[in-house]
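Asker: Here it is, the structure, as structure tokens.
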Amino acid sequence: MMTPDQLRQKYLDFFQARDHAIVPSAPLVPENDPTTLFTGSGMQPMVPYLLGQEHPLGKRIADSQKCFRAEDIEEVGDNRHTTFFEMLGNWSLGDYFKTQQLSWFFEFLTEELNLDPSRLYVTVFAGNQQLKIGKDQQSVQLWQQLFAKHNIKAKVVDQAEQQGLQNGRIFYYDETKNWWSRAGVPADMPVGEPGGPDSELFYDFGLAQGFHQRSEFKDQPCHVNCDCGRFLEIGNSVFMQYQKTKTGFQELPQKNVDFGGGFERILAAVQDDPDIFKTQLFQPVITKLEQLTNQSYADASELAKHPFRVIADHVRAAVMLIADGVKPGNKEQSYFVRRLLRRAVRYGKQLELEKPFLGDLVTTVAEIYAKPYPEVQEQQEQIQQVVTKEEQNFHRTLNKGLKKFQQAIDDLQQLDAQTAFELYQTYGFPLELSLEEAKQAQIKIESKIKDKFAQLKKQHAQQSRTASAGKFKGGLEDQSVVTTQYHTATHLLHAALRKILGDQVEQRGSNITAKRLRFDFSHTKPLTATQIQQVEDQVNDWIDQDLPINKQTMSKAAALKAGALAFFVERYPAEVDVYTIGDPDKEWVSKELCGGPHVSSTGEIDQLKIFKEKSAAAGVRRIYAKT
Ligand code: SER
């Protein structure tokens, strides 16, 4: 059986042999990108290059990118949804296009992984007259040729949603399915955002397994995009060739390919088992849970598998996030780590796990990722401490929640959907837990509580989606100039801190929104008022001098030799971009390895004001500043 490490390596080797430079995964929390809290797709760190900036490693790039999708947290429990996942990616930055992309991906699946071509199905963009973007007939032809090599006559079908598969193999769908951008469908894209039609590939786990008949969709026709579980999307080739304008779309200066393939799902296809939790990426965690609970995952009903899967997913995601520097807390990224751990504890209750158990699982996760992400094992002890502390604290909250539950029930003499939802929201009680408690206490349960609860959850999810879409738009559309200014200002601040406080000061983190910059750096004491003033004056003095900013591409070794600063040196590829503020060969004030973008001279930045300085962690200070 192919191991996860072997599959990842096979993919990277395949594209390396086709002249792709392999880059390391970017962190789960994007640096200097105010548009999203997490890296949710492989293309996110590539955006500047898709828009035309030259990549230091050339026009062909491949990687395996760690991703986290917070919006999927509620979906976890079935055989295929996760919050954390890896996305295998390859990019053509204005180099190859549809022909090579589709044939390489098909070759990889059928020849490298030996997937049976008759189990593969594809979708293509049906076009949209209003957008003046036509049907993707070229992809249809290419797919037909590829299938024909295996003597498969690939029938093309429209409107599978209404009429089902109709013996088709290639399906046209509109932009709700076959268009990709970070913001989703064309109408939701902010001006300037890149996107394009895509072609998705699905693996068929087989009619015989009876997915559709057993699913909630049994009365509707089954098609590849149906959520019954028979088909699993395992890869998406986006033809990233458009950019949103005020009135519609324009062609980007270059035609790009953005391919992303779900690593866990491809592994499931290779095993021909639709349960991704049975892959080696999860099995060791599940086995540990079986030992702790004396229950068998294999023997559990589909529903009884849910707690195993939720715990396995959430622990893995929390570990990966903590390893990338996010601690559990109440704000932004931290909140999700807290939520993941709390949900894991609660689902542990369903498996009758009463004592702290998450710490044990941290070791197992670290082991699974020892090869691709050794930094997890390196930090294993700290991660374990963080996780266990959070778990212990939550047990206290949970007990408080149980008391609240009792009160609510005493007052109402029944459990209704609203109360169950409040308990869920505030104390993290899953509905099942409330129902169980109610049964034990022999209390009446409101009729149709499950439907009503689901309705409340849906309403809430819609509200948060709207909120995050709003955040996205605000971030990118009007503010890209401001965030670019802040990005360069961050380099100036870093340089000023080192000048005033000493060279031992090092960047520990950075976060930019349209309203302010935030900068974390190593320093043991609070800054005095005088030091803050000196730093601010120094930055503003450099802004007044209108210093030029220069980008140079060089080897990492040469960059470090030239004195460039690098945050997380090991994460940079062999060829890097170095941004210098001032004259790169003579008098410069800052030189850093960085992906950009930056303003072209410091005079473009408004005067900076530091408005807060505080502790961020032991030995780390945090500065907030705005222009
Ligand atoms: N960006 C596309 C996706 O996330 C392909 O990489 O599906």
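The values are calculated or read from the model by the stated rules, or taken from the named source; none is laboratory data. Owing to the predicted nature of the structure, the values given are computational and were not obtained by experimental measurement. Counting neighbours? That spans all protein chains shown, and the Cβs are built from the backbone with ideal geometry, glycine included. For accessibility, only protein heavy atoms count, side chains too; no ligands or nucleic acids. Shrake-Rupley method; radii C 1.70, N 1.55, O 1.52, S 1.80 Å.
Asker: What is the spin-label model distance, in nm, from L131 to R396 if the labels are put 7 Å beyond Cα along the C-beta direction?
Answerer: In this crude spin-label approximation the distance works out to 5.1 nm.
Asker: Averaged per residue, what accessible surface does the chain expose to a 1.4 Å probe, in Å²?
Answerer: Ligands and nucleic acids excluded, the figure is 44 Å² per residue.
Asker: Work out, step by step, the length gained on full extension between K561 and K609: first 0.36 nm times the residue separation, then minus their alpha carbon distance; give nm to one decimal.
Answerer: Here the segment from K561 to K609 would lengthen by 14.0 nm.
Asker: Let me ask something else about it. Roughly how many percent of the accessible protein surface of region 1-66 is carbon and sulfur, given a 1.4 Å probe and a whole-percent answer?
Answerer: 51 percent
Asker: A further question on this structure: Cross-link partners among lysines for K400, C-alpha distance below 16 Å, same-chain residues fewer than 8 apart left out?
Answerer: K400 reaches K349.
Asker: Once Rh is set to the Kirkwood radius over Cα pairs, what Stokes-Einstein translational diffusion coefficient, in µm²/s, holds for the chain at a temperature of 25 °C and a viscosity of 0.890 mPa s?
Answerer: 93 µm²/s
Asker: Compare the Cα positions of F68, F611, I311 along the charge dipole of the chain (+1 at Cβ of Lys, Arg; -1 at Cβ of Asp, Glu; about the Cα centre) and return the one farthest towards the positive end.
Answerer: Projecting each Cα onto the dipole axis, the largest value belongs to F611.
Asker: Counting only DSSP beta bridges with both residues in region 33-112, what percent are antiparallel, rounded to the nearest 5?
Answerer: Among the beta bridges of region 33-112, antiparallel pairing accounts for roughly 90 percent.
Asker: Leaving out ligands, DNA and RNA, and with a 1.4 Å probe, what % of the accessible surface on region 484-627 is carbon or sulfur?
Answerer: Reported share for carbon and sulfur atoms: 49 percent.
Asker: May I ask for log10 I(q)/I(0) of region 267-329 at q = 0.14, 0.15 Å⁻¹, from a Debye sum over the Cα atoms as equal point scatterers with solvent left out?
Answerer: -0.46, -0.52
Asker: Give the shape of region 311-377 as rounded, prolate or oblate, defined through the alpha-carbon gyration tensor: a ≥ b ≥ c are the square roots of its eigenvalues, a/c under 1.5 means rounded, and otherwise the shape is prolate if a/b is larger than b/c and oblate if not.
Answerer: Judged from the Cα gyration tensor, region 311-377 comes out oblate (a/c at least 1.5, b/c at or above a/b).
Asker: Which of the helices in the chain meet the span-like rule: DSSP H, Cα axial reach of 20 Å or more, Kyte-Doolittle mean at least 0.0?
Answerer: Membrane-span-like by this rule: 302-323, 480-501.
Asker: With a cut-off of 20 Å, note down the residues of region 106-122 whose backbone N falls inside the zone around a label point 7 Å from the Cα of N151 toward its beta carbon.
Answerer: 107, 110-111, 114-121
Asker: Report in % the part of the accessible area of region 259-381 that belongs to carbon and sulfur, leaving out ligands and nucleic acids; probe 1.4 Å.
Answerer: It is 44 percent, rounded to a whole number.
Asker: Report, largest value first, the span of the C-alpha coordinates of region 270-384 along each principal axis, in whole Å.
Answerer: 37, 31, 22
Asker: Per 0.36 nm of contour for each residue apart, how much would the distance between S296 and V481 grow if the chain were fully extended, relative to their Cα-Cα spacing?
Answerer: Extra length available between S296 and V481 comes to 61.1 nm.
Asker: Among the listed pairs K371/K591; K404/K439; K10/K371; K10/K155, give every one whose C-alpha distance is greater than 22 Å.
Answerer: Pairs exceeding the cut-off: K371/K591; K10/K155.
Asker: Let me ask another. Working from the pairwise distances between different alpha carbons, so that the mean of 1/r is found and then inverted, what is region 525-621's Kirkwood radius in Å?
Answerer: Averaging 1/r across every pair of different Cα atoms and inverting gives 15.1 Å.
Asker: Excluding residues fewer than 8 places away in the same chain, name every one of the aspartates and glutamates whose C-alpha is closer than 18 Å to that of K561.
Answerer: Cross-link targets: D503, E506, E570, E575, D577, D583, D585, E587, E592.
Asker: Let me ask something else. Under a straight-distance cross-link criterion of Cα-Cα below 19 Å, which lysines are reachable from K59, leaving out those fewer than 8 residues away in the same chain?
Answerer: List returned: K98, K255, K551, K556.
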